[in-house]
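The structure under discussion appears below in the form of structure tokens.
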Amino acid sequence: MEKLRSGYLFPEISMRREAHQKKYPDAKVISLGIGDTTEPIPSIITSAMSEYALGLSTPEGYQGYGPEQGQKSLRKAIAEKVYPNMGIRDTEVFISDGAQCDIARLQMLFGRDVTIAVQDPTFPGYVDSGVIMGQTGGADESSGGRYSRIEYMRCAPENAFFPDLATVPRTDVIFFCSPNNPTGHAASREQLRQLVDFARGNGSIVVFDSAYASYVSADGDKPRSIYEVPGAREVAIEISSFSKFAGFTGVRLGWAVVPDELLYADGTRVARDFDRVVCTSFNGASSVAQVGGLACLATEEGREAVRRVVGKYKENTRVLVDTFRALGKEVYGGDDSPYVWVRFPGQRSWEVFAEILEKTHVITVPGSGFGPGGEGFIRVSAFNSRERVVEACARLTSFLA
Ligand SMILES: *Cc1c(COP(=O)(O)O)cnc(C)c1O
């Protein structure tokens with residue numbers, strides 16, 4: 001715990017927001033910061049949950065513990081609707097209370113002796129949970145606070161946001177997030193093929209975080225799952241979540257796929273041990289949340305309702321991208337994610353964050369909070385109402401123009 005690098009990013013941002021609001025009590029601060037959803041959950045989903053919840057008050061409707069791995073119907077719906085024609089069996093899907101929580105349970109399974117690689121920049125959860133497990137050497141402040149035992153795979157515009165794997169040392173586990181938080185970049189089919197081949201050659205496990213899979217544009221050829229790549233079943237665990245596609249950030253529901261073909265060097269199934277971890281440290285996701293998850297996936301109406309919400313955020317992203325482009329900024333992400341990644345050459349991320357907040361009362365996220373490779377960038381999130389996004393863009397334009 002002592003080795004955790006000071007201050008988790010988002011508490012620091014909310015402290016600065018509070019200080020700003022104190023300084024300017026009348027300012028209408030707009031947050032394009034934290035990756036939390038803002039659109040209401042479609043009522044086809046909440047009515048299923050409320051009906052089930054009311055049933056819990058009746059002798060016929062009451063249910064206690066469910067299976068630790070999740071309701072069969074939901075596991076089946078995920079296998080069929082999220083992974084069509086990818087050969088995923090319902091028994092390989094473990095329902096959870098969210099991807100963040102699965103990251104911690106996977107780290108518990110891997111233990112402290114493994115070596116891990118992460119994209120740089122990336123979602124902070126992989127490194128922080130690894131540090132808590134004790135997978136790290138000390139934080140080396142001289143190299144931007146990297147931990148000496150963790151492999152940082154630089155992902156920048158210069159390498160199409162994909163590392164040159166020929167120069168990446170072997171690690172036991174590779175955490176890979178696509179579409180990526182924070183860069184918004186979705187890996188191409190060829191990039192994921194390289195990643196799977198690399199892991200197969202090295203005997204590494206890929207933990208593929210597909211929390212933003214539903215933001216991948218239908219008109220491109222970007223995979224929404226690692227299992228679209230041949231051979232992935234032998235090397236990859238996929239973690240995902242209802243948070244960003246169904247607005248379940250507060251409801252809490254996610255899943256992990258651990259394929260039967262994923263084996264340790266001695267031939268035993270990783271899924272067997274993950275099942276043991278789940279049964280020991282987690283008694284299953286909330287039954288109410290699982291009913292909601294099923295309502296998102298089981299019917300065409302449910303699927304259409306959540307698609308519409310994702311579509312709203314994607315339109316916001318378009319507004320943000322167009323705004324920064326019109327200002328002559330180098331802009332990335334956006335097409336396949338709710339995040340826009342903007343470069344400010346020669347400036348430090350926290351400086352840019354502070355300047356934008358001071359002049360426009362808009363909250364962004366400093367890129368350096370996601371790893372040393374994020375320095376010089378800010379992440380701008382599309383999670384807000386259209387009206388506020390448009391207002392924020394107007395303020396940014398008058399300030400940056
Ligand atoms: C939001 C997010 C998560 C966390 O999802 P929960 O299911 O809400 O725990 C995981 N991974 C990435 C990349 C995220 O952005």
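The values are calculated or read from the model by the stated rules, or taken from the named source; none is laboratory data. Please read these numbers as outputs of a predicted model, since none were measured by experiment. All Cβ positions, even for glycine, are placed from backbone atoms using ideal geometry, and neighbour counts span all protein chains on display. To get the accessible areas, we keep the full protein, side chains included, count just its heavy atoms, and leave off ligands, DNA and RNA. Shrake-Rupley method; radii C 1.70, N 1.55, O 1.52, S 1.80 Å.
A 1.4 Å probe run over the stretch 47-299, with the rest of the protein chains in place, finds 39 Å² accessible per residue. Ordering Val127, Leu109, Ala382 by the projection of their Cα atoms onto the charge dipole of the chain, which places +1 on the Cβ of Lys and Arg and -1 on the Cβ of Asp and Glu, puts Ala382 at the extreme positive end. Rg over Rh for the stretch 47-299 works out to 0.98, both radii taken from alpha-carbon positions and Rh defined as the Kirkwood radius.
Taking only Cα atoms of the stretch 289-381, what ratio of Rg to Rh do you get with Rh as the Kirkwood inverse-distance radius? Present the calculation step by step, with values, prior to reporting the outcome.
Working: Rg = 16.7 Å, Rh = 14.9 Å.
Answer for the stretch 289-381: 1.12.
Each residue of the stretch 306-311 was assigned a 3J(HN,Hα) from its phi angle through the Karplus expression (A = 6.51, B = -1.76, C = 1.60, θ = phi - 60°), giving 6, 4, 5, 5, 4, x Hz with x at Gly and Pro.
The amide H of Ser241, built 1.01 Å from its N in the peptide plane, has Trp255 as neighbours under 5 Å, considering only residues 5 or more places off or on other chains. Across the stretch 195-209, rounded Karplus estimates of 3J(HN,Hα) from the backbone phi angles (6.51 cos²θ - 1.76 cosθ + 1.60, θ = phi - 60°) give 5, 5, 4, 4, 5, 4, x, 9, x, 9, 9, 8, 9, 9, 9 Hz, Gly and Pro being marked x.
Quick one: work out the % antiparallel among DSSP beta bridges in the stretch 47-299, nearest 5. Could you put the intermediate results ahead of the total?
Details: 11 of 27 bridges.
Around 40 percent antiparallel, to the nearest 5.
Highest GNM mean-square fluctuation among Ala265, Ala77, Ala156, for the chain modelled with Cα contacts below 10 Å: Ala265. Pairs from the list Lys76/Lys222; Lys3/Lys359; Lys81/Lys244; Lys72/Lys244; Lys28/Lys329; Lys72/Lys312 with a Cα-Cα gap above 28 Å: Lys3/Lys359; Lys72/Lys312.
Using a 1.4 angstrom probe on heavy atoms only, work out the carbon and sulfur share of the accessible area of the stretch 47-299 in %. It would help to have the intermediate numbers written out before the result.
On the way: 5170 of 9950 Å².
Of all accessible area on the stretch 47-299, carbon and sulfur atoms account for 52 percent.
What list of ³J(HN,Hα) values in whole Hz, one per residue of the stretch 246-261 in order, does the Karplus curve 6.51 cos²θ - 1.76 cosθ + 1.60 (θ = phi - 60°) give from phi, with Gly and Pro shown as x? My calculation for the stretch 246-261 gives 10, x, 8, 4, x, 5, 6, 6, x, 7, 10, 9, 10, x, 4, 7 Hz in order. Within the stretch 1-105, the chymotrypsin sites (Phe, Trp or Tyr not before Pro) that combine a DSSP coil assignment with at most 14 other C-beta atoms in a 10 angstrom radius are Tyr8, Tyr62, Tyr65.
For the stretch 261-333 versus the stretch 10-61, the spacing of their alpha-carbon centroids is 18 Å. Filter the trypsin sites (Lys or Arg not before Pro) in the stretch 7-48 down to the DSSP loop ones having no more than 16 other Cβ atoms within 10 Å, then list what survives. Qualifying residues, ordered by number: Lys28.
Given q = 0.19, 0.20, 0.25, 0.26 Å⁻¹, what are the Debye log10 I(q)/I(0) values for the stretch 1-88, with equal point scatterers placed on the Cα positions and solvent ignored? Values, matching the q order: -0.99, -1.02, -1.27, -1.31. What residue among Arg252, Arg276, Arg189 has the largest mean-square fluctuation in a Gaussian network model of the chain, using Cα springs under 10 Å? Judging by the Gaussian network model, the answer is Arg276.
Result for the chain in a Gaussian network model with C-alpha springs under 10 Å: among Asn283, Asn159, Asn202, the largest mean-square fluctuation is at Asn159.
When only Cα pairs under 8 Å and 6 or more residues apart are kept, what is the percent relative contact order across the stretch 247-320?
Working: 26 pairs, mean separation 15.0, N = 74.
20 percent.
A Cα-only calculation for the stretch 1-154 places Rg and Dmax at 21.4, 63 Å. Normalised by the number of residues in the stretch 246-401, the mean separation of alpha-carbon contacts (under 8 Å, six or more apart) gives a relative contact order of 17 percent. Compared with the alpha-carbon gap, the fully stretched path from Glu228 to Thr167 is longer by 19.4 nm at 0.36 nm per residue. When the alpha-carbon atoms of the stretch 199-289 are used, the pair Rg, Dmax equals 14.9, 43 angstrom. Take every Cα pair under 8 Å whose residues are at least 6 apart in sequence, average their separation, divide by the length of the stretch 47-299, and the relative contact order is 25 percent.
Which trypsin sites (Lys or Arg not before Pro) does the stretch 320-379 hold that lie in a coil by DSSP with at most 15 other beta carbons within 10 Å? Loop-located and lightly packed - Arg348.
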